Amino acid sequence: SQQGEEDPQALSIQEGENATMNCSYKTSINNLQWYRQNSGRGLVHLILIRSNEREKHSGRLRVTLDTSKKSSSLLITASRAADTASYFCATGITGANSKLTFGKGITLSVRP
Amino acid sequence: GAVVSQHPSRVICKSGTSVKIECRSLDFQATTMFWYRQFPKQSLMLMATSNEGSKATYEQGVEKDKFLINHASLTLSTLTVTSAHPEDSSFYICSARDAGGASGPNTGELFFGEGSRLTVL
């Protein structure tokens, strides 16, 4: 069963604005990851945050994790038209049999 | 970063034929690969976990005789859609985990192929 649920399902912003996407999950996790998918392409790993971390940065990306609320947010600052894509959160439990469960995704459109 | 190559990127076939999709890790060894299916504007649905040298583990509801998975080496896994029908038309994506990654084999990050779009007429 799907673990992560992102919101909003679709987001349209102007270039230069910040984009905030949220993800909620249901069970205990070891890590939460965000991926990006351009239309018709494979997924690209953006950032991983472990369950003992609260915030992580990577370039224009900022991810937060609140394990008490079972939620995460992905912030893209100073968005660009090239950021237009679908974004998925995925939850995982590390270990020999680990696998990721993906949410439904958020479609981000950045208007030039 | 690690590269996963998936081939073919697009395939069109007639109903009743079988189609093989290959997933290769180009610069790392992958003891585990994952096969996903994605419908338009929807999430990735895990179909099966492919383990090198052993049988694949299928998710509930996925027919193992319909979707044959072979993981014969540390760099190659194949998915064969047997006796394909129009309802099998979909975007199939593989991913792999770097078994020898600096952070260890089970840190979580997956490397994805570019996907294979299957259209069954």
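The values are calculated or read from the model by the stated rules, or taken from the named source; none is laboratory data. Please read all numbers here as calculations on a predicted model, not as lab measurements. Heads up, the Cβs are rebuilt from the backbone with ideal geometry, glycines too, and the neighbour counts pull from every protein chain shown.
Computed quantities for the displayed model
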| read-out | value |
| --- | --- |
| Residue, farthest from B:Ser95 (Cα to Cα), within segment B:10-32, restricted to residues that are surrounded by 14 or more Cβ atoms within 10 Å (Cβ to Cβ) and within 11 Å of chain A (Cβ to nearest Cβ) | B:Thr31 |
| Unique match (being more than 27 Å from B:Gly115 (Cβ to Cβ), in contact with an Asp or Glu (Cβ under 7 Å, 6 or more places away or on another chain) and modelled with pLDDT of 95 or more) among A:Thr20, A:Thr64 | A:Thr64 |
| Meets criteria (among the charged types (D, E, K, R) and at pLDDT 95 or above) for B:Glu22 | yes |
| Within segment B:70-95, considering residues that are buried (at least 21 other Cβ atoms within 10 Å of the Cβ) and away from every other protein chain (no Cβ under 14 Å), the one farthest from B:Gln42 (Cα to Cα) | B:His71 |
